Number of protein chains: 2
Amino acid sequence: MLRLPRLVPRLRGLRYSSSIPRFPCVEAHATRESRIASSFSSSSGPEPPYARPNPASYTVFNSTTPLRLTYHSSFLPTFDIAYETWGTLSPARDNVILLHTGLSASSHAASTPVNPTEGWWEKFIGPGKPLDTNNFFVICTNVLGGCYGSTGPSSIDPDTGVPYATHFPILSIFDMVRAQFQLLDHLGVDKLYASVGSSMGAMQSLAAGWLHPERVGKIVSISGTARSTPSSVAMRYAQRSVLMADPNWNNGFYYDTVPPHTGMKLARQIATITYRSGPEWDARFGRQMRPLPTDTAPSPTVPRLPALCPDFLIETYLDHQGEQFCLKYDANSLIYISKAMDLFDMTRPALQALRLPEAAILGPEDAVDLARPHPTSHSKSHPPPTNPPPHLTALAQGLVPLAHTPTLVLGVQSDILFTVEQQREVVDALRMAGNDRVVYYELGGVWGHDTFLLDVLNVGGAIRGFLS
Amino acid sequence: MLRLPRLVPRLRGLRYSSSIPRFPCVEAHATRESRIASSFSSSSGPEPPYARPNPASYTVFNSTTPLRLTYHSSFLPTFDIAYETWGTLSPARDNVILLHTGLSASSHAASTPVNPTEGWWEKFIGPGKPLDTNNFFVICTNVLGGCYGSTGPSSIDPDTGVPYATHFPILSIFDMVRAQFQLLDHLGVDKLYASVGSSMGAMQSLAAGWLHPERVGKIVSISGTARSTPSSVAMRYAQRSVLMADPNWNNGFYYDTVPPHTGMKLARQIATITYRSGPEWDARFGRQMRPLPTDTAPSPTVPRLPALCPDFLIETYLDHQGEQFCLKYDANSLIYISKAMDLFDMTRPALQALRLPEAAILGPEDAVDLARPHPTSHSKSHPPPTNPPPHLTALAQGLVPLAHTPTLVLGVQSDILFTVEQQREVVDALRMAGNDRVVYYELGGVWGHDTFLLDVLNVGGAIRGFLS
C-alpha cells in the first residue's frame with residue numbers, strides 16, 4: 001500500500017537523500033486502510049470494535065417513551081441507553097449516584113462481574129473508594145449519541161433499516177440528561193443522592209440538577225463548565241474539521257465501508273494536546289528523541305539526521321494516542337457529542353432561546369434577586385466578585401434553579417481546555433444565584449484536564465468529603 | 001465536485017432531515033480542488049501565488065559560496081536569499097539592523113517604492129518608527145527554506161531540473177542564519193548594529209549572536225525561545241500531521257499538480273489557535289453565532305438548528321484564516337521550517353551534539369563559571385533563580401557566547417505557544433551566563449503570540465528604547 005510519488009524526479013547526483021523519500025508516519029494511514037478493508041471480507045467481521053458491541057457486558061434500557069429533543073420539533077420515538085451499576089440499591093432507593101462520562105467513555109467506569117476489565121474510573125468506584133459502593137448504588141450510562149450501546153449515529157434507524165449516520169438529530173447536553181432520567185424512571189429512582197461528572201460529564205451533572213432540582217440531592221462538577229468558551233469551541237472545531245475532511249467520512253455515510261480512521265487519528269492527536277499540560281510533558285518527555293534503530297547510529301562527524309515524521313518522544317506519544325483511538329470510537333459520535341459540548345450554555349438568555357419547558361422555572365428576570373448580600377460560607381478563599389461582568393450575571397440568572405443544591409466544583413490550574421477561570425465562573429454564578437452550599441477546590445499539579453482520571457488522592461478525596 | 005454519499009439510505013419517514021445532508025465546509029475542499037486544477041490549464045498559470053514569485057518586488061542575492069548544513073555532511077552549493085531594505089546604509093556601514101521573520105513571512109516587512117503594499121511589520125519600520133529608518137538601515141530576508149524568493153523545497157534543484165520537494169535537506173535555525181550572514185558579507189556589512197526578531201525570528205536573532213558574537217551589537221528576542229518545549233513541538237507536529245496526511249501532499253511531490261490545500265487549511269486552523277488567546281476571543285467573539293440567511297429564520301417554537309459545519313463566529317474565523325492561507329504558502333516550506341523550530345535547542349549538550357564548528361567557543365564545561373555572583377542590573381523585578389533546574393544550567397552554559405551582548409527579551413503573558421516561562425528561561429540563562437545587560441519586559445493584554453504584530457505601542461516602545 002505504499003503510495004509512490006506521481007512525479008519521480010530524475011535522480012542525478014542527489015546530495016541529501018539517495019532514494020525516494022519515505023514517510024512511515026504517512027504510510028501508516030495506507031497500511032491501516034488496507035488492513036481494515038480486508039477485515040470486511042474476513043470471518044471475524046469488520047475491525048472497528050464499536051461495530052461489534054458486546055451487550056453481555058452492560059445492560060441496555062430500551063425506552064419507548066419518545067424523547068423530546070432540544071433542537072428539533074419532533075421526538076426520538078425509541079432509544080437505547082447502555083448502563084452499568086455498582087453497589088446495592090437501598091430499599092428506600094435513596095442511595096443512587098448517577099455518574100456522567102466524558103466525551104468518549106463507555107458505561108464501563110469500573111470492572112464488574114460480567115466485564116472484569118478495568119474501567120475508566122476504576123480507582124474511584126468500589127468498596128471504601130470515593131464513590132463508596134458500601135454506601136452508594138452507582139449508575140453510569142453510555143451517553144445518548146455515543147457508540148457503546150446507547151443510541152447514536154451508528155445505530156440502526158428503525159424507519160430505514162440502516163444507520164442514522166448524519167440523519168441523526170443534533171443533540172444537546174439536556175437531551176442526553178433527559179434520556180438518563182428516563183432510565184431512572186424505569187429503575188424506580190425518584191431522587192438521586194448525587195449527580196457526578198467530569199469534563200462533559202460535569203456539564204451533564206449541572207444540567208441534571210437544573211432540569212430536575214427536586215430530584216438531584218447534590219452535584220459534583222469536576223473540570224467542567226456551565227458555558228463553553230470560544231477557545232474550547234475552537235479546539236473541538238479543529239478536531240471536527242480534520243475528521244470531516246477525511247474522504248472516508250463521506251458526509252457521515254461510512255458504516256458499510258472503511259471509516260475515517262485517518263481523520264480520527266489526527267483529531268485525537270489534537271485532542272490529546274488539550275487533555276494534558278505542558279509542564280507534564282516537560283517532565284515526562286522533555287526534548288528526548290525516539291531511539292534510533294541500531295543500524296542507523298549517527299556518524300562521529302555528522303549529527304543524527306532528523307526526520308519529517310516523529311523524532312521527539314512527544315511526537316511518538318501523540319502518534320500512539322491517535323493510533324490507539326482511531327478505531328475505538330465512532331467518528332459521527334465524536335462529531336455530534338463534541339458539537340453538543342460547544343452548544344452548552346446555561347446563561348439565562350441562552351436557556352430561554354432553547355425554549356425548554358423547564359425554563360419556565362426561571363420566571364421573570366427581575367424575580368432574580370442578585371442584589372441581596374452574597375452568601376459567605378465556603379467563600380473566604382474565593383469571595384464573590386464585587387463587579388461581575390454581564391455574562392456572569394446572565395449565568396447567575398440561568399443557574400437560579402440550582403440555588404438550593406449543594407454543589408462541589410473542582411478545577412485544575414494546568415487545565416487548558418476547561419480552565420480554572422471557567423471553574424471560578426461556575427462558582428461565582430452559583431453563589432450570586434443564592435447558593436450558599438458551594439464547595440470549591442483548585443488543584444495544582446501538571447496533568448491538566450486529565451487530572452480527573454489520574455489524581456485519585458485529591459480528586460477522590462474531595463468527592464468523598466463532599467458526598468459524606 | 002460535490003461528493004455523493006456512497007450509501008444512500010432508503011428515505012422513509014426521516015424525521016430530522018428531509019434530504020441528503022450537505023456540509024458546505026467539506027464541499028469547500030472539493031470546490032477549491034476543482035478551481036485549482038482548472039487553473040493549471042488556464043493562461044494565467046496555476047493558482048498558488050508562491051508559484052508565481054515577483055522578483056521585481058525584492059532583491060535576490062545568489063550565493064555561490066557553499067553553505068554548511070547542520071544535519072548533513074554535504075553543503076548546499078548555491079542558494080538564493082530574497083531580501084528588502086529600508087533606510088540608508090551609513091558610510092561606516094555600522095547602522096544595520098537585520099530583521100528575522102516568523103515562520104511564514106516574506107521579506108516584505110514594510111512597503112517599499114517597488115512594492116507599496118503594506119508589509120507584515122509596517123507600523124514598526126520607517127522614519128520615526130521603532131526601527132527608525134532615519135537612523136538605521138534595515139534588512140529583512142525571506143528565510144532559507146521559505147517560498148518567497150529564497151531557496152526552499154519548491155526551488156529547482158540545479159542537479160535535477162525539478163523542484164527539490166522532500167529531497168531538500170533538513171535545515172536548522174543556524175543554517176538559516178548562516179545564509180543571512182553570507183548576504184551580509186556580500187553587502188560588505190561586517191557588524192550588525194542589532195539582530196531583531198519575533199517568534200521564529202527571535203530564535204534566529206539569538207542564533208545570530210551566538211554564531212557571530214563579534215558581529216552582532218545587540219539582540220532583540222520577542223516572544224521566542226532558546227529551547228523549544230514539548231508543548232510547542234506537539235502543536236507544530238499536529239499541523240504537520242494533518243498536512244502530510246493530505247493525499248495531495250504525495251510525499252512532498254506536488255509541484256506539477258494540485259498542492260495539499262486542504263491539509264494547509266486544516267494546519268492553519270490549528271496554528272491560528274496557538275497564535276491568539278482565549279481572552280481575546282472571549283471579548284471579540286464570545287458565543288456569537290454566524291448570521292443565518294434570512295430565509296432560514298428559526299420558528300417561534302423551535303430554536304435555531306445548529307449545523308455540524310461552523311455555527312459560532314470563532315469557527316468561521318478559524319475557517320476564514322485557513323482558507324486565506326492555504327494557497328499562499330508552500331506546504332513543504334511549512335513542514336521544513338516548523339521542523340527547524342522544533343529542533344532548536346541552545347543548551348550546551350544539544351549544541352555540542354550538532355558538532356557546529358562554532359561550538360568550540362564553549363570550551364570545556366568547567367570553564368563556565370556559573371557559580372560567581374549573579375549580575376544584578378535590570379533584575380530587581382525578576383531576580384535570577386537561586387536553585388536553577390539542570391536544563392536551565394545547561395542553557396546558561398550554551399549561551400555563554402552571548403555573555404557580552406546587550407539583549408532585549410520581551411514576552412507576553414497570554415502567549416500559549418512561546419509562554420512567558422520560556423522568556424524567563426532565556427533571561428535567567430543569559431544572566432547566569434554572565435550577561436548583565438539583559439532587559440526583560442512582560443506584557444499583559446489579550447493578543448497572545450500575535451502581540452508582536454499588533455502592539456506597536458508596547459512592543460515598538462521597548463524596541464525603540466533598547467536600540468537608542
In the range B:68-102, what residues are part of a strand (DSSP E or B), under 23 Å from B:Asp345 (Cβ atoms) and in contact with a helix residue (DSSP H, G or I) (Cβ under 6 Å, 6 or more places away or on another chain)?
B:His100
Tell me yes or no: at least one residue of the range B:366-374 is surrounded by 17 or more Cβ atoms within 10 Å (Cβ to Cβ), away from chain A (no Cβ under 11 Å) and modelled with pLDDT under 85.
yes
Mind counting the residues in the range A:228-250 that are touching a Phe, Trp or Tyr at 6+ places or on another chain (Cβ under 7 Å) and open to solvent by 10 Å² or more (accessible area, probe 1.4 Å)?
2
Tabulated pairs, the range A:152-169, first free of Cβ contacts under 8 Å to residues at least 60 places away in the same chain and within 18 Å of A:Tyr71 (Cβ to Cβ), second of a type in the set (Ser, Thr, Tyr) and open to solvent by less than 10 Å² (accessible area, probe 1.4 Å), C-beta under 7 angstrom, 6+ apart or interchain:
A:Asp157/A:Tyr164
Could you go through the range B:199-207 and let me know if any residue there is more than 14 Å from chain A (Cβ to nearest Cβ) and outside any helix (DSSP H, G or I).
yes
Filter the range B:438-468 down to the residues that are part of a loop (DSSP other than H, G, I, E, B) and either touching a Leu at 6+ places or on another chain (Cβ under 9 Å) or open to solvent by less than 20 Å² (accessible area, probe 1.4 Å) (or both) and list them by number.
B:Gly445, B:Trp447, B:Asp455
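For residues in the range A:212-227 being open to solvent by less than 10 Å² (accessible area, probe 1.4 Å) and in contact with an Asp or Glu (Cβ under 8 Å, 6 or more places away or on another chain), which is farthest from A:His449 (Cα to Cα)?
Checking each candidate, the answer is A:Ala226.
The rows are residues; the columns are (1) surrounded by fewer than 24 Cβ atoms within 10 Å (Cβ to Cβ); (2) not polar (S, T, N, Q).
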{"residue": "B:Ser104", "(1), (2)": "yes, no"}
{"residue": "B:Ala110", "(1), (2)": "yes, yes"}
{"residue": "B:Pro113", "(1), (2)": "yes, yes"}
{"residue": "B:Glu122", "(1), (2)": "yes, yes"}
{"residue": "B:Leu131", "(1), (2)": "no, yes"}
{"residue": "B:Asn135", "(1), (2)": "yes, no"}
{"residue": "B:Val138", "(1), (2)": "no, yes"}
{"residue": "B:Asn142", "(1), (2)": "no, no"}
{"residue": "B:Gly145", "(1), (2)": "no, yes"}
Could you check, for the range B:193-209, whether at least one of its residues is surrounded by fewer than 22 Cβ atoms within 10 Å (Cβ to Cβ), over 16 Å from the mean Cα position of the chain (by Cα) and at pLDDT 95 or above?
yes
I'd like the full set of residues that are without any contact (Cβ under 8 Å) to a residue 60 or more places away in the chain and within 19 Å of the chain's Cα centre (by Cα), limited to the range A:106-123.
A:Ser106, A:Ser107, A:His108, A:Ala109, A:Ala110, A:Glu118, A:Gly119, A:Glu122
Name, by its number, the condition in (1) closer than 28 Å to A:Ala28 by Cα; (2) more than 8 Å from every other protein chain (Cβ to nearest Cβ); (3) under 29 Å from the mean Cα position of the chain (by Cα); (4) open to solvent by 10 Å² or more (accessible area, probe 1.4 Å) that does not hold for A:Ala331.
(4)
Evaluate the following for B:Asp175: is it in contact (Cβ under 8 Å) with a residue 60 or more places away in the chain, in a loop (DSSP other than H, G, I, E, B) and on the phi < 0 side of the Ramachandran plot?
no
Screening B:Asp159, B:Asp175 for residues that are of a type in the set (Asp, Glu) and open to solvent by 10 Å² or more (accessible area, probe 1.4 Å) leaves only B:Asp159
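The values are calculated or read from the model by the stated rules, or taken from the named source; none is laboratory data. Please read these numbers as outputs of a predicted model, since none were measured by experiment. FYI the Cβ positions are ideal-geometry reconstructions off the backbone, even for glycines, and counts take in every protein chain you see. Surface accessibility is based on the protein's heavy atoms, side chains included, excluding ligands, DNA and RNA. Shrake-Rupley method; radii C 1.70, N 1.55, O 1.52, S 1.80 Å.
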